[in-house]
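Values in this text are rule-based calculations from the coordinates and carry no lab data. What you see is a predicted model; the values in this text were computed from it and never measured. Cβ sites come from the backbone with ideal geometry, for glycine too, and all protein chains shown count toward neighbours.
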Amino acid sequence: MNLEENISINYEQIESLLSLRDSLNTYKYSQAHTNFLSFVKMMAPTLVSDWEMGKHIEVISDKLQEIQDGTLKRLMVFLPPRSSKSVICSKLFPAWYIGQNPNHEILTVSHSDQLSSDFGRSVRDIVNSEDFQISLVEYN
């Protein structure tokens, strides 16, 4: 095999890999549009540097999905500190919910106005992120 053939094969492999990457990204964004757990898996690592997916995250995400779907009216989440309750329930879910229901409003309530403001800023930053724009705005 000469150098020209080797370069040609590598170029074809690169094209194939780029096409596969684009297909995977399209799938990831389409899933994040309709499935809250997929949205969590996509966005949480951008918010928390040492993010670890646990079974409790899946359970919370499924229950929050039920709220969006209208099959669950109320949800109370009781977990120990540092269990990602705030990331899931007060940052990611409000952003995703707004993406699903742009005409709805969300009220964030906390024990301090500073914490509520922090949550609001985080939601705003998520909504302004490129991943959110692609997954929830472009697929609407």
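For this structure, a couple of remarks:
- For the chain, Kirkwood radius (reciprocal of mean inverse C-alpha pair distance, Å): 16.9
- Taking every alpha-carbon pair under 8 Å whose residues sit at least 6 apart, the chain reaches a relative contact order of 25 percent.
- The calculated FRET efficiency for N25 paired with T46, based on their beta-carbon distance and R0 = 22 Å, is about 0.90.
- Folded to 0 to 90 degrees: helix 3-34 orientation relative to the chain principal axis, Cα: 20
- Assuming charge only on the beta carbon of Lys and Arg (+1) and of Asp and Glu (-1), the dipole of the range 46-89 about its Cα centre is about 240 debye to the nearest 20.
- Magnitude of the charge dipole for the chain, about its Cα centre and with charges confined to Cβ atoms of Lys, Arg (+1) and Asp, Glu (-1), is about 880 debye.
- Amide proton proximity set for W51, modelled H, under 5 Å, gap of 5+: none
- Structure-based [θ]222 nm, the chain - -39500 (n - 2.57) summed over DSSP H runs of at least 4, per residue, nearest 500: -19500 deg cm²/dmol
- Crossing angle, helix 36-47 versus the chain [Cα axis fit, 0-90 degrees, rounded to tens]: 80
- Sorted peptide list for 24-30, 108-114, criterion being average Cβ within 10 angstrom, highest first: 24-30, 108-114
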